[in-house]
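The values are calculated or read from the model by the stated rules, or taken from the named source; none is laboratory data. All of these numbers come straight from a predicted model, not from anything done at the bench. Cβ: placed from backbone, ideal geometry, glycine included. Neighbour counts: every protein chain shown. For accessibility, only protein heavy atoms count, side chains too; no ligands or nucleic acids. Shrake-Rupley method; radii C 1.70, N 1.55, O 1.52, S 1.80 Å.
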Amino acid sequence: MRRNAFAVWFIVAVLFGVLAAGAMVTVLRSAARMERVVVAAREMGPYQAVTASDVRVEEVPASAVPADAVREIASCVGKFTRGLVLPGEVLRQGHLVRDAGGRGALGAKLTAMGDGRLRAFAVPYSLETGVGGELREGDRVDLLATVTVGAKGGQVVLSKVLAAGVEVLRVVGSSNDPTKPSQGSAVVLAVTPELAEDLAYALQAGTLRVLLNPYRADESAASTQGVVAETFLEKYGYRLAPAQPPGR
């Protein structure tokens with residue numbers, strides 16, 4: 001009986017050994033199988049146009065190939081990166097903006113934001129209106145307009161925050177030295193068409209300033225009532241004298 005039991009256990013152990021060896025062979029074969037994919041030949045920054053010199057084809061273990069790996073150089077050249085791609089990294093479809101619309105890196109960035117209503121809109125940029133020249137791409141800003149409205153003789157000056165948490169797409173023409181801003185500098189913002197109309201009116205009727213947001217901004221804080229002469233004076237303890245009727 002003992003010999004029979006020993007024989008059974010021996011056969012079971014051998015079977016398990018064979019199965020384990022088979023599984024190991026399968027794993028090794030899978031790891032040894034190579035696939036040709038496109039990899040980054042150099043570091044590529046976000047929203048950078050991919051050129052033929054930026055990538056190359058390499059053979060890598062099949063187990064390291066993601067499902068959306070790019071297989072042909074021709075399929076990625078001319079597209080734009082969505083984020084940072086490091087040298088030697090397998091290029092994936094997820095690394096690329098799907099449809100840049102042929103409009104360059106700025107169009108690619110708008111596309112990647114995922115909101116088809118957004119448009120790029122440029123506003124003048126100076127030390128006074130642009131937070132002392134400290135704005136950078138990716139910052140979030142509030143937009144404060146001060147405009148003069150009404151017919152001559154009955155004009156009113158109004159200050160109001162028009163929008164909060166607007167993303168800075170690009171800072172154009174600014175100097176590296178914030179104390180020496182260059183001429184024609186502008187901040188390119190991602191805005192809706194409705195906001196673009198309001199900003200265009202504000203720029204024509206007055207001035208527009210940007211307020212730099214902290215990284216964790218409370219956008220509800222920008223929901224203000226606005227300021228006109230009466231509310232400004234009353235806030236600080238003054239009242240305008242009532243207008244006197246003609247002839248008095």
remark   = One finds the C-alpha centres of region 46-94 and region 193-236 to be spaced, in Å, by 43
query = Over region 118-161, what percent of the accessible surface lies on carbon and sulfur atoms, probe 1.4 Å?
reply = 55
key: Estimated FRET transfer efficiency when R0 is 22 angstrom, pair Ser220-Leu84 (beta carbons, to 0.05)   = 0.10
task = Using a 1.4 Å probe and ignoring any ligands, DNA or RNA, find the accessible area of Val168 and quote it in Å² to the nearest 10.
result = 0
